[in-house]
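A.B. asks: Structure in structure tokens, see below.
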């Protein structure tokens, strides 16, 4: 499930090939281009509309979710608003997801830990967190999260006591789920910015929990 | 809310053991295979929404169907699993749920 690869090679004289066209595109890329060009030609949308939407999608990233979590940790009234209507609460901090599917925030407690999956496809709160990681969309994660949640958590380095309920949340309808992790101990008096830095994307999916540095 | 709600939080429900995918028509079903025929407990009601099984084919999906979050014990969903603390919840439309009546004793 590694996303990173490291460049261990040194740069010799021939390592940088001249710029050349990419090889044959996969058929879906060809299909996408054909449909896109046809829709633009027929005036369904303009090329600029598409570019703006791509920019909007790219601008969404886990730091938006982290800010929601950090504010919920420091402001109990905001937390209640976040749990009642996540999209509206996101609007309060300048995250506009009004056109997106509804988002429901799941609060972790000492007795219950949430793990989000979409076994049917790969539903994910993109309007707040941006695009999901490749492992979240994998057949392996989608199958194993409901069958062996603690095994999946262990692979992410997360172990929970037996007495804690691991609740796997399968996003089968049009609701998107985002986990509100528990605030780590040792963070008393921290600013929202400092707290937000502790909140990773993975902790808002539920495969990890935030940890305050020792 | 336009639809009447048949179930409330705490109600025991069974997911219908039905397999429209094996029929003659093309279908779009959101109820996962691993939950069909299983008994769970209604956790909450989300309101009513157009039926996605019809929306997928360009139909309006009306009348709107109440959508429930239903909780299942996780381990017993799989062969030989004994109930522990862990659970799975899923969002299931009302037309896929049946009431479970408790057996009367004595």
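A.B. asks: Considering only residues that are part of a loop (DSSP other than H, G, I, E, B) and in contact with a strand residue (DSSP E or B) (Cβ under 7 Å, 6 or more places away or on another chain), look in the stretch A:103-117 and name the one that is farthest from the other protein chains (Cβ to nearest Cβ).
C.D. replies: In this case the residue turns out to be A:108.
A.B. asks: Can you name every residue in the stretch B:33-56 that is more than 9 Å from every other protein chain (Cβ to nearest Cβ), closer than 24 Å to residue B:22 by Cα and surrounded by 17 or more Cβ atoms within 10 Å (Cβ to Cβ)?
C.D. replies: Passing the criteria: B:38, B:51, B:53.
A.B. asks: Then there is this: Can you tell me which residue among A:139, A:146, A:164 is under 22 Å from residue B:69 (Cα atoms), out of contact with any helix residue (DSSP H, G or I) (no Cβ under 8 Å at 6 or more places or on another chain) and either surrounded by fewer than 20 Cβ atoms within 10 Å (Cβ to Cβ) or at the interface with another protein chain (Cβ under 7 Å from one of its Cβ atoms) (or both)?
C.D. replies: The match here is A:164.
A.B. asks: Restricting the search to the stretch B:34-93, which residues are touching a strand residue (DSSP E or B) at 6+ places or on another chain (Cβ under 7 Å) and on the phi > 0 side of the Ramachandran plot?
C.D. replies: Answer for the stretch B:34-93, where residues must be touching a strand residue (DSSP E or B) at 6+ places or on another chain (Cβ under 7 Å) and on the phi > 0 side of the Ramachandran plot: B:37, B:47.
A.B. asks: For the stretch B:57-65, state whether one or more residues are within 16 Å of the chain's Cα centre (by Cα) and surrounded by fewer than 18 Cβ atoms within 10 Å (Cβ to Cβ).
C.D. replies: Checked the stretch B:57-65: at least one residue is within 16 Å of the chain's Cα centre (by Cα) and surrounded by fewer than 18 Cβ atoms within 10 Å (Cβ to Cβ).
A.B. asks: In addition: Of everything in the stretch A:1-60, what is farther than 30 Å from residue A:144 by Cβ, modelled with pLDDT of 85 or more and assigned to a loop (DSSP other than H, G, I, E, B)? Give them in sequence order.
C.D. replies: A:42, A:43, A:44, A:45, A:46
The values are calculated or read from the model by the stated rules, or taken from the named source; none is laboratory data. Because the structure is predicted, anything quoted here is derived from the model rather than measured. So basically every Cβ, Gly included, is an ideal-geometry build from the backbone, and we count neighbours across all protein chains shown.
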